1. Please express the Cα-Cα pair-distance distribution P(r) of the range 36-75 as a list of whole percents, one per 5 Å bin, running from 0 to the bin with the greatest distance.
2. Using R₀ = 35 Å, calculate the FRET efficiency as 1/(1 + (r/R₀)^6) where r is the Cβ-Cβ separation of residue 91 and residue 2; round to 0.05.
3. Tell me, what is the FRET efficiency for residue 9 and residue 81 to the nearest 0.05, using R0 = 22 angstrom and their Cβ-Cβ distance as r?
4. Find how much the distance from residue 33 to residue 113 grows on full extension, using 0.36 nm per residue of separation minus their present alpha carbon separation; answer in nm with one decimal.
5. Just need the relative contact order of the range 22-123 here, percent rounded to a whole number, with Cα pairs under 8 Å and 6+ apart.
6. Among (1) 42; (2) 39; (3) 57, find the value of percent of Cα pairs over 20 Å apart that was calculated from the structure presented, and write down its label.
7. Test of understanding: extend the Cα→C-beta vector of residue 63 to 7 Å, then name every residue of the range 13-54 with backbone N under 20 Å from that spot.
8. Just from its helices, what would the mean residue ellipticity at 222 nm be for the chain, if runs of 4 or more DSSP H residues each count -39500 (n - 2.57) and the sum is divided by every residue, rounded to the nearest 500 deg cm²/dmol?
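What follows draws every value from the coordinates through simple rules; no lab data is involved. These numbers come from a predicted model, not from an experiment. Don't worry about glycine lacking a Cβ; one is built from the backbone with ideal geometry, like all the others, and counts go over all protein chains shown.
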Amino acid sequence: MAVSGACHCGDTAFAIDADIPQELTRCTCSFCAKRGALWAYYQPAQFRLASPAVHSVTYRWRTNNVAHNFCSRCGCGTFSDSPDFQTDGTWDGVTRRIGVNAHLFDDFDAATAAVIVIDGKNLW
């Protein structure tokens with residue numbers, strides 16, 4: 001099953017060649033906590049931006065390892081390209097993942113999903 005979604009105004013849309021994970025992730029780092037996203041993680045090859053890239057703006061902070069993307073028109077946080085961090089904060093130095101804001105999935109209520117918490121506040 002493919003997953004699709006978009007920001008509030010629809011300028012930043014995406015498609016994912018996979019199902020919605022059984023558990024979403026909430027990160028407690030300073031950026032994620034303020035952003036309020038629930039992350040669904042995918043391999044980069046599974047994610048496709050379905051709108052012109054010009055509508056997506058990138059924010060990088062501190063180490064510049066994570067590209068946080070948001071819509072340039074409505075400001076919704078859409079997806080992040082990041083190292084494939086494990087729940088203990090480790091990373092193999094190579095593998096990447098795409099974290100997609102599950103609140104933006106079409107026909108899906110993220111508030112009803114099971115959620116795990118990553119202690120990003122203390123890990124990175």
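1. 5, 17, 22, 31, 22, 3
2. On the way: r = 28 Å, r/R0 = 0.80.
Between residue 91 and residue 2 the formula returns 0.80.
3. Numbers: r = 22 Å, r/R0 = 0.98.
With a Förster radius of 22 Å, E is 0.50.
4. Details: separation 80, 0.36 × 80 = 28.80 nm, distance 1.79 nm.
Gain in length upon complete extension: 27.0 nm.
5. Details: 168 pairs, mean separation 39.2, N = 102.
This gives 38 percent for the range 22-123.
6. Only one option fits the structure, namely (2).
7. Within reach of a label on residue 63: 25-35, 39-44.
8. Working: 2 runs with 10 residues, N = 124.
The per-residue figure over the chain is -1500 deg cm²/dmol.
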